[in-house]
1. Using a 7 Å offset from the Cα along the Cα-to-Cβ direction at both THR222 and MET40, what is the distance between the two label points in nm, to one decimal?
2. Scale the Cα Rg of segment 116-164 by the rule-of-thumb value 2.2 N^0.38 Å and send over the ratio, two decimals.
3. So for the chain, averaging the separation of alpha carbon pairs under 8 Å that are six or more residues apart and normalising by length, what relative contact order in percent results?
4. Count charges around ARG287 for me, please; just the other residues with Cβ under 14 Å from its Cβ, Lys/Arg as +1, Asp/Glu as -1.
5. In whole Å, what three semi-axes, largest first, describe the equivalent ellipsoid of segment 267-307 built from its Cα gyration tensor (square root of 5 times each eigenvalue)?
6. Give me the log10 of I(q) over I(0) for the chain at q = 0.12 Å⁻¹, as the Debye formula computes it from C-alpha points; what are the numbers?
7. Using just the C-alpha positions of segment 115-251 as equal point scatterers, what log10 of I(q)/I(0) does the Debye formula give at each q in 0.12 1/Å?
8. Treating the Cα atoms of segment 217-334 as identical point scatterers in vacuum, please give the log10 of the normalised Debye intensity I(q)/I(0) at q = 0.10, 0.11, 0.22, 0.23 Å⁻¹, two decimals.
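Here, each number is a calculation from the coordinates, and none is a lab measurement. Everything numeric in this text was worked out from a predicted model, so none of it was measured. Quick reminder, even Gly has a Cβ in these numbers, built from the backbone with ideal geometry, and neighbours come from all protein chains shown.
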Amino acid sequence: CDLFDAGSPAPNRAMAWAARQAPAAVGRTAMGLWARSRRMRAGPCDSFDGRISDSDLLAGLRSHYPAEAIFSASQLEQYAGCPWRYFAAYVLDLAEPTTPQQSLRAVTRGQLCHEMLFEALTALATAHGRPLHLPKIAEDDLAAAIDDAAAAVAARAERLSPPPYPALWRVEIDQLTRRVRRYLLDQRNISAWPAAYLHFELAFGMSGRRRGDNDLADDASTDEPIRIDTSAGPIRLRGRIDRVDRIDSDDHAGLLVIDYKTGTPPTRKSIGRGLHVQIPLYAEAARQLLDQESLGGAYHRIADVGKIVSFAALKVSRGALRPDAAYADDHQSAMAAVGAHVEGMAGGCFDVLPKHDCPTWCSFRQICHFVRWRAELKTADGGEDGP
């Protein structure tokens, strides 16, 4: 048919004919073009950019957040980093595709390090008592505990899932063992932080949830989630604190939560801005669980000995512990951000506007079609509804 020929003198009649012959197909095409046009407009985000405006859907969200939801720190951080990615993962419950890996994935490497540290520190605490004072442990005893823990963790992993590349597996296990050994020996020799180790893998609200294939948890763990007050109302929080230390100095005494990182830890600035809220939330959880004052916490990077990002009432200055005057305000800002994140969820704000450089490895980009130049046209101030 020449009705769609570029040289046709009656293109409008051709379109009318197409609409009569295939109204559904033309309608779908028109709506797709309309949606693309709306997504490319400058201005506030709307229903074409992750913003929910339907009254029934909003009512459902408000009834779920925060009353019924049990949050984890990683969920809140994912919303802070990219609201739409949170929506895809935790509201739509979409699963990211996985690809076969010859070497250990980062999440597997981190899991094995956590298990090695749990096994080694638990064995040392059993032998020497709690609280565990690492400087009082001989280096040979510490190294032996790590080697025994690594062997047990590796054997357990091999029983559960035989490695497809045994030689490569042994190389990576040896590398992880050396990292853990260097980390604990460095911790043993740190004199600025007079820390005693109290709990390892302190879990709360994790009933039915395990770290990987193993149920590693401190005896002081509880199945009940922690209740935390926010500007959006009280929320329930679940999680697992890698380690809880007790600090006793001349001016301060209290709990310090430690989170192990095999990758790059967050910055102090990003914690205060509420982009990474794990340490502030876990500090409050430890205070409630153990009924002791909480001084904050720190991220410890296992792969980089000595790399510590502190978010606490104390800091090391000139080789000594000193009060951190900015901590109280930064902690309050971080907790205010938690309330803002929950309010955003309840308000249907799942904008395709990540707060950082959108990672190329995020599989959800196949759905959101994120591009930086389009995001620069948008704001997160709300917007008009779609057609």
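1. 5.5 nm
2. The value comes to 1.31.
3. In percent, rounded to a whole number, it is 25.
4. -3
5. Semi-axes from the Cα gyration tensor: 21, 15, 7 Å.
6. Listed by q, the Debye log ratios stand at -1.01.
7. Ignoring solvent entirely, the Cα scatterers give -0.59.
8. -0.29, -0.36, -1.44, -1.53
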